[in-house]
Amino acid sequence: MRLQCDVEVVNRALPSLGLRRNGRSRRAVLSIGKHLDRNPSSSGLFLLICTAKDRSGARYKLKDNIEKFFTWFVEEGKATVRLKEPAIDICLSKADISSLKSFLSAARLAHRGSDTDSLPLSALGPARARDVEKPKKKLSILSKKDYPLTSSFPCSLEQLQVSYCRLTRVDMRMLTLRALRRLDLSNNHIKKLPSTIGDLSCLAELILHNNHLESFSDGLCSSTLQTSLQHLDLSQNQLQVLPARFCQLQQLVNLKLDDNKLSRLPFHIGRLSKLRFLSAAHNQLTVLPASFRKLCLENLDLFGNPFSQANALEHTMHLTFPLTLQELASRAVLELRIPHGPHVVPLHLCHQLDFSKACDCGRVCVNSFIQTAVSMNLHLVSHTVVLVDNMGGTEAPVQKHFCSLMCYCEFMDGCVQRDLR
(Lines give C-alpha, C1' and ligand atoms only; values in the text may rest on other atoms or scores of the structure.)
Protein backbone atom coordinates (compact mmCIF):
# COMPACT_ATOMS: atom_id res chain seq x y z
CA MET A 1 0.00 0.00 0.00
CA ARG A 2 1.55 3.28 -1.17
CA LEU A 3 0.39 6.89 -1.17
CA GLN A 4 1.96 9.95 -2.80
CA CYS A 5 1.09 13.27 -1.15
CA ASP A 6 2.49 16.20 0.79
CA VAL A 7 3.52 15.32 4.37
CA GLU A 8 4.41 17.31 7.46
CA VAL A 9 5.57 15.42 10.57
CA VAL A 10 4.80 17.48 13.69
CA ASN A 11 6.36 16.73 17.07
CA ARG A 12 3.67 17.28 19.69
CA ALA A 13 6.32 18.02 22.33
CA LEU A 14 7.46 21.22 20.60
CA PRO A 15 4.97 23.60 22.29
CA SER A 16 6.04 22.38 25.77
CA LEU A 17 9.62 23.25 24.83
CA GLY A 18 8.63 26.71 23.60
CA LEU A 19 9.28 25.77 19.98
CA ARG A 20 7.02 26.27 16.95
CA ARG A 21 6.40 23.98 13.99
CA ASN A 22 7.81 25.16 10.67
CA GLY A 23 4.48 24.63 8.90
CA ARG A 24 6.11 23.34 5.73
CA SER A 25 5.11 20.09 4.09
CA ARG A 26 7.23 18.06 1.68
CA ARG A 27 6.37 15.75 -1.16
CA ALA A 28 6.61 12.18 0.10
CA VAL A 29 5.78 8.55 -0.56
CA LEU A 30 4.12 6.65 2.29
CA SER A 31 4.29 2.86 2.32
CA ILE A 32 2.75 0.27 4.62
CA GLY A 33 4.65 -3.00 4.70
CA LYS A 34 6.30 -5.68 6.80
CA HIS A 35 9.67 -5.18 8.40
CA LEU A 36 11.22 -8.61 8.84
CA ASP A 37 13.66 -8.96 11.73
CA ARG A 38 15.05 -11.81 13.80
CA ASN A 39 13.90 -9.98 16.89
CA PRO A 40 10.11 -10.57 17.10
CA SER A 41 9.58 -7.26 18.88
CA SER A 42 11.10 -5.40 15.91
CA SER A 43 9.03 -7.14 13.23
CA GLY A 44 5.48 -6.36 12.13
CA LEU A 45 3.71 -3.72 10.05
CA PHE A 46 5.39 -0.34 9.68
CA LEU A 47 4.73 2.98 8.01
CA LEU A 48 7.65 4.24 5.92
CA ILE A 49 7.79 7.93 4.95
CA CYS A 50 10.29 8.78 2.19
CA THR A 51 11.04 12.34 1.05
CA ALA A 52 13.45 13.86 -1.46
CA LYS A 53 15.74 14.79 1.45
CA ASP A 54 15.54 11.33 3.02
CA ARG A 55 14.79 8.76 0.33
CA SER A 56 15.63 5.87 2.68
CA GLY A 57 12.78 7.09 4.84
CA ALA A 58 11.71 7.03 8.47
CA ARG A 59 9.88 3.96 9.89
CA TYR A 60 7.03 4.08 12.38
CA LYS A 61 5.37 1.08 13.99
CA LEU A 62 1.63 0.84 13.34
CA LYS A 63 0.24 -2.02 15.44
CA ASP A 64 -1.41 -0.61 18.60
CA ASN A 65 0.42 2.66 17.96
CA ILE A 66 -2.20 4.96 16.39
CA GLU A 67 -3.90 7.24 18.90
CA LYS A 68 -6.36 8.90 16.53
CA PHE A 69 -7.31 9.57 12.91
CA PHE A 70 -8.39 13.09 11.92
CA THR A 71 -10.45 12.79 8.73
CA TRP A 72 -12.69 15.87 8.74
CA PHE A 73 -11.20 17.12 5.46
CA VAL A 74 -10.61 13.79 3.73
CA GLU A 75 -12.81 14.92 0.81
CA GLU A 76 -10.24 17.68 0.20
CA GLY A 77 -7.36 15.18 0.16
CA LYS A 78 -6.30 15.98 3.74
CA ALA A 79 -6.00 13.86 6.89
CA THR A 80 -3.84 13.51 10.03
CA VAL A 81 -2.61 10.33 11.73
CA ARG A 82 -1.61 10.77 15.40
CA LEU A 83 0.91 8.23 16.71
CA LYS A 84 1.45 7.30 20.34
CA GLU A 85 5.16 6.58 20.09
CA PRO A 86 6.88 8.75 19.07
CA ALA A 87 4.45 11.56 19.94
CA ILE A 88 4.00 12.93 16.43
CA ASP A 89 1.20 13.95 14.10
CA ILE A 90 1.58 12.91 10.46
CA CYS A 91 -0.29 15.58 8.45
CA LEU A 92 -1.23 14.53 4.92
CA SER A 93 -2.39 16.93 2.17
CA LYS A 94 -2.74 17.17 -1.62
CA ALA A 95 -3.53 13.47 -1.83
CA ASP A 96 -5.79 11.71 -4.30
CA ILE A 97 -9.06 11.33 -2.37
CA SER A 98 -9.71 7.71 -3.34
CA SER A 99 -6.10 6.67 -2.64
CA LEU A 100 -6.14 8.52 0.69
CA LYS A 101 -9.28 6.72 1.86
CA SER A 102 -7.78 3.34 0.92
CA PHE A 103 -4.54 4.20 2.70
CA LEU A 104 -6.33 5.23 5.91
CA SER A 105 -8.38 2.00 5.86
CA ALA A 106 -5.18 -0.02 5.52
CA ALA A 107 -3.57 1.94 8.40
CA ARG A 108 -6.58 1.18 10.64
CA LEU A 109 -6.30 -2.56 9.94
CA ALA A 110 -2.55 -2.44 10.57
CA HIS A 111 -3.16 -0.66 13.88
CA ARG A 112 -5.67 -3.31 14.98
CA GLY A 113 -3.49 -6.13 13.72
CA SER A 114 -6.52 -7.80 12.13
CA ASP A 115 -6.99 -9.04 8.55
CA THR A 116 -3.45 -8.01 7.71
CA ASP A 117 -3.11 -10.91 5.29
CA SER A 118 -5.57 -9.21 2.96
CA LEU A 119 -3.66 -5.91 2.93
CA PRO A 120 -1.79 -4.98 -0.29
CA LEU A 121 1.57 -4.47 1.44
CA SER A 122 4.55 -2.72 -0.11
CA ALA A 123 8.28 -3.32 0.13
CA LEU A 124 9.79 -0.98 2.69
CA GLY A 125 12.65 0.23 0.51
CA PRO A 126 14.01 3.63 -0.57
CA ALA A 127 11.73 5.67 -2.83
CA ARG A 128 12.64 6.58 -6.39
CA ALA A 129 13.70 10.19 -6.91
CA ARG A 130 10.86 10.90 -9.35
CA ASP A 131 8.28 9.68 -6.80
CA VAL A 132 9.27 12.21 -4.14
CA GLU A 133 9.99 15.19 -6.36
CA LYS A 134 7.57 18.11 -6.24
CA PRO A 135 4.93 17.69 -8.97
CA LYS A 136 6.03 19.44 -12.13
CA LYS A 137 3.64 22.24 -13.11
CA LYS A 138 5.45 23.75 -16.11
CA LEU A 139 7.33 22.21 -19.05
CA SER A 140 8.83 23.79 -22.18
CA ILE A 141 10.14 21.75 -25.12
CA LEU A 142 11.73 23.94 -27.79
CA SER A 143 13.47 21.44 -30.09
CA LYS A 144 12.65 18.13 -31.68
CA LYS A 145 15.57 16.36 -30.00
CA ASP A 146 14.11 17.14 -26.56
CA TYR A 147 10.66 15.80 -27.41
CA PRO A 148 9.74 12.73 -25.28
CA LEU A 149 9.14 9.71 -27.49
CA THR A 150 9.09 6.92 -24.91
CA SER A 151 8.24 8.67 -21.63
CA SER A 152 4.92 10.36 -20.89
CA PHE A 153 4.26 13.97 -19.88
CA PRO A 154 3.99 14.58 -16.11
CA CYS A 155 0.31 14.30 -15.25
CA SER A 156 0.57 17.30 -12.88
CA LEU A 157 1.41 19.77 -15.69
CA GLU A 158 -0.54 23.02 -15.75
CA GLN A 159 1.53 24.74 -18.47
CA LEU A 160 2.97 22.97 -21.50
CA GLN A 161 4.87 24.53 -24.39
CA VAL A 162 5.94 22.39 -27.35
CA SER A 163 7.34 24.63 -30.09
CA TYR A 164 9.72 24.19 -33.05
CA CYS A 165 9.26 20.40 -32.93
CA ARG A 166 7.72 20.03 -36.42
CA LEU A 167 4.61 18.37 -35.04
CA THR A 168 2.05 17.59 -37.74
CA ARG A 169 -0.66 16.63 -35.26
CA VAL A 170 -1.47 17.07 -31.59
CA ASP A 171 0.05 14.30 -29.47
CA MET A 172 -2.80 12.42 -27.79
CA ARG A 173 -0.67 12.12 -24.61
CA MET A 174 -1.12 15.86 -24.12
CA LEU A 175 -4.89 15.42 -24.03
CA THR A 176 -4.69 13.30 -20.87
CA LEU A 177 -3.26 16.20 -18.85
CA ARG A 178 -6.46 17.13 -17.01
CA ALA A 179 -4.84 19.94 -14.96
CA LEU A 180 -3.53 21.74 -18.06
CA ARG A 181 -4.36 25.46 -18.08
CA ARG A 182 -2.00 26.68 -20.82
CA LEU A 183 -1.12 24.77 -23.99
CA ASP A 184 1.34 26.37 -26.41
CA LEU A 185 1.84 24.48 -29.68
CA SER A 186 3.11 27.44 -31.68
CA ASN A 187 5.62 27.17 -34.53
CA ASN A 188 4.80 23.63 -35.63
CA HIS A 189 3.16 22.08 -38.73
CA ILE A 190 -0.23 21.11 -37.27
CA LYS A 191 -3.04 21.01 -39.87
CA LYS A 192 -5.99 19.81 -37.80
CA LEU A 193 -7.07 19.95 -34.16
CA PRO A 194 -8.61 16.87 -32.52
CA SER A 195 -12.02 17.41 -30.95
CA THR A 196 -10.69 15.85 -27.73
CA ILE A 197 -8.86 19.11 -26.94
CA GLY A 198 -12.29 20.13 -25.73
CA ASP A 199 -11.99 17.56 -22.93
CA LEU A 200 -9.29 19.69 -21.23
CA SER A 201 -11.79 21.30 -18.88
CA CYS A 202 -9.24 23.62 -17.20
CA LEU A 203 -7.70 24.97 -20.41
CA ALA A 204 -7.66 28.79 -20.33
CA GLU A 205 -4.96 29.53 -22.94
CA LEU A 206 -4.54 27.81 -26.31
CA ILE A 207 -1.71 29.12 -28.48
CA LEU A 208 -1.51 27.78 -32.04
CA HIS A 209 0.47 30.60 -33.65
CA ASN A 210 2.34 29.77 -36.89
CA ASN A 211 0.95 26.36 -37.81
CA HIS A 212 -0.84 25.03 -40.92
CA LEU A 213 -4.40 24.99 -39.57
CA GLU A 214 -7.07 25.09 -42.28
CA SER A 215 -10.11 24.88 -40.00
CA PHE A 216 -11.27 25.26 -36.42
CA SER A 217 -13.57 22.41 -35.41
CA ASP A 218 -17.24 23.18 -34.78
CA GLY A 219 -17.14 20.57 -32.01
CA LEU A 220 -14.52 22.53 -30.06
CA CYS A 221 -16.94 25.45 -29.84
CA SER A 222 -19.51 23.20 -28.13
CA SER A 223 -17.04 21.59 -25.71
CA THR A 224 -15.98 22.52 -22.18
CA LEU A 225 -13.84 25.26 -23.76
CA GLN A 226 -17.03 27.34 -23.70
CA THR A 227 -16.55 27.90 -19.99
CA SER A 228 -12.75 27.85 -19.67
CA LEU A 229 -10.97 29.29 -22.73
CA GLN A 230 -9.92 32.94 -22.29
CA HIS A 231 -6.95 33.35 -24.63
CA LEU A 232 -6.91 31.92 -28.17
CA ASP A 233 -4.09 32.57 -30.65
CA LEU A 234 -4.77 31.31 -34.19
CA SER A 235 -2.49 33.79 -35.95
CA GLN A 236 -0.33 32.83 -38.95
CA ASN A 237 -2.34 29.84 -40.13
CA GLN A 238 -4.40 29.01 -43.24
CA LEU A 239 -7.90 29.69 -41.87
CA GLN A 240 -10.47 30.88 -44.41
CA VAL A 241 -13.56 30.84 -42.20
CA LEU A 242 -14.47 30.26 -38.55
CA PRO A 243 -17.43 28.00 -37.64
CA ALA A 244 -20.88 29.39 -36.94
CA ARG A 245 -20.68 28.27 -33.30
CA PHE A 246 -17.36 30.00 -32.67
CA CYS A 247 -19.09 32.68 -30.59
CA GLN A 248 -20.15 30.06 -28.05
CA LEU A 249 -16.63 30.50 -26.62
CA GLN A 250 -18.07 33.26 -24.47
CA GLN A 251 -15.22 33.44 -21.94
CA LEU A 252 -12.76 34.71 -24.56
CA VAL A 253 -10.87 37.83 -23.50
CA ASN A 254 -8.04 37.80 -26.05
CA LEU A 255 -8.46 36.58 -29.65
CA LYS A 256 -5.65 36.68 -32.24
CA LEU A 257 -6.50 35.93 -35.88
CA ASP A 258 -3.74 37.83 -37.70
CA ASP A 259 -2.19 36.61 -40.96
CA ASN A 260 -4.82 34.11 -42.05
CA LYS A 261 -7.09 34.06 -45.11
CA LEU A 262 -10.34 34.99 -43.38
CA SER A 263 -12.91 36.54 -45.69
CA ARG A 264 -15.32 37.29 -42.85
CA LEU A 265 -15.55 37.30 -39.07
CA PRO A 266 -18.12 35.15 -37.22
CA PHE A 267 -21.67 36.42 -37.76
CA HIS A 268 -22.40 36.59 -34.01
CA ILE A 269 -19.02 37.98 -32.89
CA GLY A 270 -20.91 40.62 -30.89
CA ARG A 271 -21.95 37.89 -28.46
CA LEU A 272 -18.37 37.69 -27.13
CA SER A 273 -19.22 40.09 -24.32
CA LYS A 274 -15.96 39.49 -22.40
CA LEU A 275 -13.68 40.04 -25.41
CA ARG A 276 -11.26 42.91 -24.79
CA PHE A 277 -8.40 42.32 -27.27
CA LEU A 278 -9.06 41.46 -30.92
CA SER A 279 -6.48 41.38 -33.69
CA ALA A 280 -7.36 40.23 -37.21
CA ALA A 281 -4.75 42.11 -39.24
CA HIS A 282 -3.65 40.97 -42.70
CA ASN A 283 -6.66 38.87 -43.67
CA GLN A 284 -9.13 39.18 -46.56
CA LEU A 285 -11.91 41.03 -44.71
CA THR A 286 -14.02 43.35 -46.89
CA VAL A 287 -16.81 44.12 -44.42
CA LEU A 288 -17.53 43.55 -40.71
CA PRO A 289 -20.63 41.70 -39.45
CA ALA A 290 -23.53 43.77 -38.09
CA SER A 291 -23.04 42.43 -34.54
CA PHE A 292 -19.54 43.93 -34.49
CA ARG A 293 -21.15 47.10 -33.10
CA LYS A 294 -21.92 45.29 -29.82
CA LEU A 295 -18.26 44.69 -28.92
CA CYS A 296 -16.59 46.60 -26.10
CA LEU A 297 -12.84 46.31 -26.65
CA GLU A 298 -9.70 47.79 -25.18
CA ASN A 299 -7.52 47.13 -28.24
CA LEU A 300 -8.46 46.44 -31.87
CA ASP A 301 -6.17 45.73 -34.82
CA LEU A 302 -7.64 45.28 -38.32
CA PHE A 303 -4.70 46.67 -40.31
CA GLY A 304 -4.01 45.34 -43.79
CA ASN A 305 -7.49 44.13 -44.78
CA PRO A 306 -9.01 45.01 -48.21
CA PHE A 307 -12.09 46.75 -46.77
CA SER A 308 -14.58 47.92 -49.38
CA GLN A 309 -15.84 51.50 -49.56
CA ALA A 310 -19.11 51.70 -47.65
CA ASN A 311 -22.01 53.04 -49.72
CA ALA A 312 -25.56 52.73 -48.40
CA LEU A 313 -26.90 53.13 -51.94
CA GLU A 314 -25.28 49.86 -52.91
CA HIS A 315 -27.48 47.18 -51.43
CA THR A 316 -28.47 43.55 -51.85
CA MET A 317 -32.19 42.86 -52.04
CA HIS A 318 -33.45 39.61 -50.52
CA LEU A 319 -37.04 40.77 -50.02
CA THR A 320 -40.04 38.84 -51.30
CA PHE A 321 -43.52 40.34 -51.71
CA PRO A 322 -45.56 39.26 -49.94
CA LEU A 323 -43.47 37.66 -47.19
CA THR A 324 -43.56 33.88 -47.27
CA LEU A 325 -45.40 31.97 -44.57
CA GLN A 326 -42.05 30.52 -43.40
CA GLU A 327 -40.57 34.01 -43.02
CA LEU A 328 -43.61 35.26 -41.10
CA ALA A 329 -43.52 32.23 -38.81
CA SER A 330 -39.75 32.53 -38.27
CA ARG A 331 -40.05 36.20 -37.31
CA ALA A 332 -42.89 35.38 -34.90
CA VAL A 333 -40.85 32.64 -33.22
CA LEU A 334 -37.96 35.05 -32.65
CA GLU A 335 -39.99 38.10 -31.64
CA LEU A 336 -42.13 36.11 -29.21
CA ARG A 337 -39.05 34.20 -27.97
CA ILE A 338 -40.71 30.84 -28.52
CA PRO A 339 -38.31 28.01 -27.56
CA HIS A 340 -37.12 26.02 -30.56
CA GLY A 341 -34.60 23.33 -31.40
CA PRO A 342 -33.93 20.32 -33.65
CA HIS A 343 -36.45 18.31 -31.62
CA VAL A 344 -39.21 20.77 -32.65
CA VAL A 345 -38.30 22.13 -36.11
CA PRO A 346 -36.00 20.81 -38.87
CA LEU A 347 -32.28 21.39 -38.36
CA HIS A 348 -31.90 23.67 -41.39
CA LEU A 349 -34.63 25.95 -40.01
CA CYS A 350 -32.81 26.09 -36.65
CA HIS A 351 -29.70 27.18 -38.52
CA GLN A 352 -31.63 29.96 -40.29
CA LEU A 353 -33.13 31.15 -37.00
CA ASP A 354 -29.67 31.26 -35.44
CA PHE A 355 -28.57 33.64 -38.22
CA SER A 356 -31.44 36.08 -37.97
CA LYS A 357 -30.72 39.76 -38.57
CA ALA A 358 -31.81 42.78 -36.55
CA CYS A 359 -33.37 45.78 -38.28
CA ASP A 360 -33.04 49.41 -37.10
CA CYS A 361 -36.73 49.36 -36.21
CA GLY A 362 -36.13 46.62 -33.63
CA ARG A 363 -37.74 43.82 -35.60
CA VAL A 364 -35.92 40.74 -36.83
CA CYS A 365 -35.67 39.22 -40.29
CA VAL A 366 -34.49 35.78 -41.35
CA ASN A 367 -34.42 35.10 -45.11
CA SER A 368 -36.19 38.23 -46.36
CA PHE A 369 -34.19 41.46 -45.91
CA ILE A 370 -32.21 44.25 -47.55
CA GLN A 371 -28.47 44.28 -46.86
CA THR A 372 -26.06 47.17 -47.21
CA ALA A 373 -22.90 48.45 -45.55
CA VAL A 374 -22.26 51.67 -43.65
CA SER A 375 -19.02 53.19 -42.44
CA MET A 376 -18.31 53.01 -38.70
CA ASN A 377 -15.58 54.66 -36.66
CA LEU A 378 -13.90 51.77 -34.83
CA HIS A 379 -13.34 53.96 -31.78
CA LEU A 380 -17.04 53.34 -31.04
CA VAL A 381 -16.19 49.75 -30.08
CA SER A 382 -12.58 50.00 -28.91
CA HIS A 383 -10.55 52.34 -26.70
CA THR A 384 -7.39 51.82 -28.76
CA VAL A 385 -7.52 51.23 -32.53
CA VAL A 386 -4.59 50.33 -34.77
CA LEU A 387 -4.93 52.25 -38.05
CA VAL A 388 -6.92 50.38 -40.66
CA ASP A 389 -4.70 51.54 -43.53
CA ASN A 390 -1.58 53.54 -44.29
CA MET A 391 -3.72 56.68 -44.72
CA GLY A 392 -4.43 56.90 -41.00
CA GLY A 393 -8.05 55.76 -41.21
CA THR A 394 -9.95 54.26 -38.30
CA GLU A 395 -13.20 53.57 -40.14
CA ALA A 396 -14.41 50.29 -41.62
CA PRO A 397 -17.61 49.12 -43.35
CA VAL A 398 -20.17 47.28 -41.20
CA GLN A 399 -23.14 45.31 -42.52
CA LYS A 400 -26.62 46.69 -41.94
CA HIS A 401 -29.93 44.91 -42.49
CA PHE A 402 -33.51 46.11 -42.99
CA CYS A 403 -36.64 44.04 -42.55
CA SER A 404 -38.68 45.98 -45.12
CA LEU A 405 -38.45 48.46 -47.96
CA MET A 406 -40.00 51.12 -45.69
CA CYS A 407 -37.21 50.78 -43.10
CA TYR A 408 -34.57 51.03 -45.82
CA CYS A 409 -36.18 54.13 -47.34
CA GLU A 410 -36.42 55.82 -43.92
CA PHE A 411 -32.74 55.13 -43.35
CA MET A 412 -31.80 56.57 -46.77
CA ASP A 413 -33.93 59.69 -46.12
CA GLY A 414 -32.02 60.20 -42.88
CA CYS A 415 -28.68 59.88 -44.74
CA VAL A 416 -29.78 62.46 -47.36
CA GLN A 417 -30.86 64.93 -44.69
CA ARG A 418 -27.53 64.57 -42.87
CA ASP A 419 -25.66 65.21 -46.13
CA LEU A 420 -27.72 68.36 -46.80
CA ARG A 421 -26.76 69.78 -43.43
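About its Cα centre, how strong a charge dipole does the range 137-284 have in debye, to the nearest 20, once Lys and Arg get +1 and Asp and Glu get -1 at the Cβ?
Computed charge dipole of the range 137-284: roughly 80 debye.
Determine the dipole magnitude for the range 67-207: charges of +1 sit on the beta-carbon of Lys and Arg, -1 on that of Asp and Glu, nothing else is charged, the reference point is the Cα centre, and the result goes in debye to the nearest 20.
Numbers: 24 positive and 16 negative charges, 121 e Å.
Dipole about the Cα centre, nearest 20: 580 debye.
Can you grab the distance from the C-alpha centre of the range 194-267 to the C-alpha centre of the range 342-363, Å, no decimals?
Distance between centres, Cα-based: 24 Å.
Which residues' amide hydrogens lie under 5 Å from the amide hydrogen of SER382, considering only partners 5 or more residues apart or on another chain, with H built in the peptide plane?
For SER382, whose amide H was placed from the backbone, the distant partners under 5 Å are LEU297.
Working from the pairwise distances between different alpha carbons, so that the mean of 1/r is found and then inverted, what is the range 188-270's Kirkwood radius in Å?
Numbers: mean 1/r = 0.0789 Å⁻¹.
By the Kirkwood definition, the hydrodynamic radius is 12.7 Å.
Taking the Cα centre of the chain as the origin and placing charges on Cβ (Lys, Arg +1; Asp, Glu -1), which of LEU119, ALA204, SER163 is farthest toward the positive end of the dipole?
The one lying farthest along the dipole's positive direction is LEU119.
How much of the accessible area of the range 137-284, probe 1.4 Å, is carbon plus sulfur, in whole percent?
Working: 3180 of 6860 Å².
Carbon with sulfur: 46 percent of the solvent-accessible area.
Going 7 Å from the Cα of PHE321 toward and past its Cβ, which residues in the range 363-394 have a backbone nitrogen under 19 Å from where you end up?
Inside the label zone: 366-372.
So how many Å³ per residue does the convex hull of the Cα atoms of the range 272-404 work out to?
Details: hull volume 17.3 nm³, N = 133.
Per residue, the Cα convex hull of the range 272-404 comes to 130 Å³.
Below 12 Å, Cα to Cα, which aspartates and glutamates can LYS136 reach? Residues fewer than 8 away in the same chain don't count.
Reachable aspartates and glutamates: GLU158.
Rolling a 1.4 angstrom probe over the protein heavy atoms, how many square angstrom per residue are accessible across the range 137-284?
Values: 6860 Å² over 148 residues.
Here the residues of the range 137-284 average 46 Å² of exposed surface.
Can you give the helix-only mean residue ellipticity at 222 nm for the chain, where every DSSP H stretch with n ≥ 4 adds -39500 (n - 2.57) and the sum goes over all residues, rounded to the nearest 500 deg cm²/dmol?
Calculated from helices alone, the mean residue ellipticity at 222 nm is -4000 deg cm²/dmol.
Normalized C-alpha radius of gyration of the range 137-284, against 2.2 N^0.38 Å?
Working: Rg = 14.7 Å, N = 148, 2.2 N^0.38 = 14.7 Å.
Here the answer is 1.00, to two decimals.
Between their Cα atoms, which of LYS191/LYS400; LYS145/LYS191; LYS61/LYS134; LYS192/LYS261; LYS53/LYS138 are more than 25 Å away from each other? Could the numbers behind the result be given before it?
On the way: LYS191/LYS400 35 Å; LYS145/LYS191 22 Å; LYS61/LYS134 27 Å; LYS192/LYS261 16 Å; LYS53/LYS138 22 Å.
With Cα atoms farther than 25 Å apart: LYS191/LYS400; LYS61/LYS134.
All other residues with a Cβ under 9 Å from the Cβ of CYS202 taken together, and with Lys, Arg as +1 and Asp, Glu as -1, what is their net charge?
Neighbour charge sum, excluding CYS202 itself: +1.
Rounded to a whole number, what is D in µm²/s for the chain from Stokes-Einstein with the Kirkwood radius over alpha-carbon pairs (10 °C, 1.306 mPa s)?
59
To the nearest 10 Å², what's ASP96's accessible area with a 1.4 Å probe?
ASP96 has an accessible surface of roughly 90 Å² with all protein chains in place.
What figure in square angstrom, to the nearest 10, would you give for the accessible area of ILE207 with a 1.4 Å probe?
20
How much of PHE411 can a 1.4 Å solvent probe reach, expressed as accessible area in Å² and rounded to 10?
30
Return the ratio Rg/(2.2 N^0.38 Å) for the range 223-336, where Rg is computed over Cα atoms only. Write out the running numbers ahead of the final one.
On the way: Rg = 16.6 Å, N = 114, 2.2 N^0.38 = 13.3 Å.
With N residues counted in the range 223-336, Rg over 2.2 N^0.38 Å equals 1.25.
Kindly sort LEU325, LEU119, LEU213 by accessible area of their heavy atoms, largest first, with the probe set to 1.4 Å. Provide the component values of the computation, followed by the final result.
Values: LEU325 140, LEU119 25, LEU213 0 Å².
If we order LEU325, LEU119, LEU213 from most to least accessible, we get LEU325, LEU119, LEU213.
Charges at C-beta only: +1 for Lys and Arg, -1 for Asp and Glu. How large is the resulting dipole of the range 256-323 about its Cα centre, in Debye rounded to 20? Walk me through the numbers on the way to the answer.
Details: 8 positive and 5 negative charges, 65 e Å.
Here the range 256-323 has a charge dipole of around 320 debye.
The values are calculated or read from the model by the stated rules, or taken from the named source; none is laboratory data. Quick caveat: nothing in here was measured; it's all calculated off a predicted structure. Methodologically, a virtual Cβ is constructed for each residue, glycine included, from the backbone with ideal geometry; neighbour enumeration extends over all protein chains shown. The protein model used for the area step is the full one, side chains on, heavy atoms only, and it has no ligands, DNA or RNA in it. Shrake-Rupley method; radii C 1.70, N 1.55, O 1.52, S 1.80 Å.
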